[in-house]
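What follows is one structure encoded as structure tokens, with my remarks underneath.
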Amino acid sequence: MSLLASGLGAIRRVGVLALDLLYPPACLACRRAIAAQGGLCPDCWRAMRFIEKPFCARLGTPFGSEIFAGAVSPEAQADPPVFNRLRAVACFEEGPTRTLVHRLKYGDRHELAAPIGRWMARAGEELLDDADLLIPVPLHRQRLAHRRFNQSVALAREIAKSSGVPLDTGLLARVKATPPQVGLNRKLRAANMQGAFAVAPRRKAALAGKRLVLVDDVATSGATLNAAARVLLRAGADRVDALVFARVVTETRNQSI
Ligand SMILES: [Zn+2]
């Protein structure tokens, strides 16, 4: 057995070496050569704005230095989200995050989903600890047919691998092809998402009393996550949290003014 295990280990090491020769490790954001696959170069790493405590307990938006942990931001108090808590790896507007999101969606998605999913599993530890199911935010079938890839599913698969929380891609459906949210304000985004999601009636039993974590690549106003959370809670879920790679931070701040 141990001989077999060491043999397999050797094969795996040879495999990694062969992969490195074929595809020399490159920074996920700027493609500069780096030492190992699946990472960022030191410059891009330094430029990432990772979201760390203290942040709003509900929205996951970073606070200035002096606010105590567990506090809820004025935005969340004024307009509480439908979901329970949102956690994000990084701020969308700063550093290479936008590039990574874009490449995940339209380009080199396979090499990116694994490391980004691992970062998300770490950022969402608190939510994943006692979660029952991961629910990737679905695309409408027309958009999926056009794009052939849902980045949220790819990320949820990686988070499932890291956390052990299973994913369910068949529970939540996108039943309305919503126009793009770009350029819409917070109110219009929420209106745009109305009726966008549905839970298949025969799957409602699978939801009852479950603690769910919605998975998406980016949260802007939170309208998509709120719409999905509302439908899941109405269908009987016990709790809905949300985990994204990138969080738009300045927009939500500006919206609250
Ligand atoms: Zn780089």
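Going toward the positive end of the dipole of the chain, with +1 on Lys and Arg Cβ and -1 on Asp and Glu Cβ, which of 205, 29, 136 do you reach last? In the chain, that residue is 205. Sites counted here are chymotrypsin sites (Phe, Trp or Tyr not before Pro) in a DSSP loop (not H, G, I, E or B) having no more than 16 other Cβ atoms within 10 Å; the longest part of the chain that contains none of them is 150-257.
Using only side-chain charges placed at the Cβ, +1 for Lys and Arg and -1 for Asp and Glu, the dipole size of the chain relative to its Cα centre rounds to 920 debye. Taking all protein chains together, 87, 234, 157 sort by accessible area into 234, 157, 87, largest first [probe 1.4 Å]. Against the empirical 2.2 N^0.38 Å (N residues), the chain has a Cα radius of gyration ratio of 1.06.
Think of segment 93-216 as a dipole: +1 on every Lys or Arg Cβ, -1 on every Asp or Glu Cβ, centred on the Cα centre; then among 115, 179, 101, 179 lies furthest on the positive end. Treating r as the C-beta distance of residue 185 and residue 77 and R0 as 22 Å, the FRET efficiency rounds to 0.65.
Among 125, 93, 111, 158, the sequence by solvent-accessible area, most first, with a 1.4 Å probe is 125, 111, 93, 158.
Since only 163, 88, 219 are under comparison, the one whose Cα sits farthest along the positive direction of the charge dipole of the chain, derived from C-beta charges on Lys, Arg, Asp and Glu, is 219.
By a 1.4 Å probe calculation restricted to protein chains, residue 102 has an accessible surface near 110 Å², given to the nearest 10. Label-to-label distance for residue 106 and residue 36 is 3.2 nm, based on points extended 7 Å past Cα in the beta-carbon direction. The value given for segment 97-243 is a Kirkwood hydrodynamic radius of 15.5 Å, derived from the mean inverse Cα-Cα separation.
Over the chain, Cα pairs under 8 Å with separation of 6+ residues give a relative contact order of 20 percent. Taking the Cα centre of each part, how many Å lie between segment 203-249 and segment 87-157? A separation of 14 Å, based on Cα centres.
Determine the gain in length on full extension of the stretch residue 129-residue 99; use 0.36 nm per residue of separation and subtract their C-alpha separation, reporting nm with one decimal.
7.8 nm
The values are calculated or read from the model by the stated rules, or taken from the named source; none is laboratory data. Just so you know, these numbers come straight off a predicted model, no measurement behind them. Please note: Cβ atoms are built from the backbone with ideal geometry, for glycine as well, and neighbour counts cover all protein chains shown. The protein model used for the area step is the full one, side chains on, heavy atoms only, and it has no ligands, DNA or RNA in it. Shrake-Rupley method; radii C 1.70, N 1.55, O 1.52, S 1.80 Å.
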